[in-house]
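Let me begin by presenting the structure, written as structure tokens, before commenting on it.
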Amino acid sequence: MSRNTKLFRIGIAAIAMTTAALTLTACGGTGTAASGDGGTVTVYSADGLAGWYKTQFAAFTEETGIAVNLVEAGSGEVVSRVGKEQSNPQADVVVTLPPFIQKADAQGLLEPSGIDTSAVPADVQDPAGKYVPVVDNYLSFIANPGANPAPATWDDLLTEQFKGKLQYSTPGQAGDGTAVLLLLQHLKGKEGALDYLAKLQTNNVGPSSSTGKLQPKVSNGELLVANGDVQMNLASIKDDGSKFNIFFPAETDGKRTTIALPYVMGLAKGAPHSDEAKKLMEYLLSEKAQKTVATDARGVSVRTDVRQAAGTSTDKSTPTGLVNGVEVWTPNWTDVLASLDADIAAYQKATGN
């Protein structure tokens, strides 16, 4: 399913040992989860993992009898919604991108889960146990095959060819859009990033709160270039037959750099079904579930043992193959969060977005 800010609900009914039933219903709220013999868990998640969730939630329900209710939204909206519901918590598990998961923690919206996260490297999870990555992912860009010449560098995106044919999701609203700003700050410095984005504004169609909505526009030629992320873009090619090429813009010296953008999950403060939520979180981190991340989610497992067993790939249809030869930068997300409001304000002033 493409990323967008429209909400979805997946209710997974109680399942017989040999069958699994799943209903997907568009809606404007969380609604009511399908009943399960072992209770219900409600997951608020940044959109992009619906295909993987479908199979994993069904398997989890079959194994435990616990139904799963899924609400998808944009990365920032997930946290905003949890915050607004604090007087009457609805979410049990929160899954979003950084720095929004750190924002949720800073706002007191998460609590330690106490689950076993020993298979995940300690340096990528919260020392206090409030959040842990569940699927690894990376910022990318996509180009319509009709772009001639095909873009390869950051400077290419400034050329006349892309005037009115380029769009990127808005920093501060979308996780991938925020990553564009952060990566450019890393490569060019904060002032250099603003200067570049001000120039890019000549080609930019305008703001977009959803990265996923840009994929079909690039595929059908309405746009020639947009930002995205590796997991979402590969899933769109595989599941939707999207026609675009994935690339990582290079600097003038040819060096390509991307930013790590994992899906990160935490236990919501005041979770109505805390025990069931912890069981689901442990299930999603299990070796069995994580072995399906590459094929079903088109992402990268967060478990050290699964990654080591998979090895390094050069296959460009796989996440690890795509980022092979690309430098992956992981920011200090706590530092990012500390200056994010000021950085977004400076971005808005520089671009008029």
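Observations on the model:
- Whole-number D in µm² s⁻¹ for the range 90-141, Kirkwood Cα-pair radius fed into Stokes-Einstein, 25 °C, 0.890 mPa s: 203
- Placed amide H near residue 209: partners under 5 Å, 5+ positions off or other chain: 170
- Between residue 304 and residue 199, the distance separating the two model label sites (each 7 Å from Cα on the Cα→Cβ line) works out to 4.3 nm.
- For residue 110, nonlocal amide neighbours, meaning residues 5 or more places apart or on other chains whose placed amide H falls under 5 Å from its own, are 269.
- Per-pair calculated FRET efficiency, R0 = 30 Å: residue 286 and residue 315 via Cβ, rounded to 0.05: 0.75
- Magnitude of the charge dipole for the chain, about its Cα centre and with charges confined to Cβ atoms of Lys, Arg (+1) and Asp, Glu (-1), is about 720 debye.
- Panel note: the C-alpha atoms of the range 221-301, placed on their principal axes, show extents of 50, 30, 26 Å (largest first).
- Share of pairwise Cα separations in the range 259-353, more than 23 Å, in percent: 49
- Among the listed values (1) 63, 47, 43; (2) 56, 44, 43; (3) 60, 39, 38, the one computed from these coordinates for Cα extents along the principal axes in Å is (3).
- Given R0 = 35 Å, the distance between the Cβ atoms of residue 238 and residue 349 translates into a calculated FRET efficiency of 0.30.
- 11 Å beta-carbon shell around residue 83, net charge (K/R +1, D/E -1): +2
- Distance between the range 270-308 and the range 86-152 - C-alpha centres, whole angstrom: 13
- For the range 287-299, Karplus couplings with θ = phi - 60° (6.51, -1.76, 1.60), whole Hz, Gly/Pro x: 4, 4, 5, 5, 5, 8, 4, 5, 7, 8, 9, 6, x
- Modelled label reach - residue 255, point 7 Å along Cα→Cβ, the range 312-334 residues with backbone N closer than 16 Å: 325-331
- Highest to lowest packing among 104-117, 128-141, scored as the average C-beta count within 10 Å: 128-141, 104-117
The numbers here are math on the coordinates, done by the rules we state, and not lab data. What you are looking at is a predicted structure, and each value in this text was computed from that prediction instead of being measured. Neighbour counts are summed over all protein chains in view; Cβ atoms, including those assigned to glycine, are modelled from backbone coordinates with ideal geometry.
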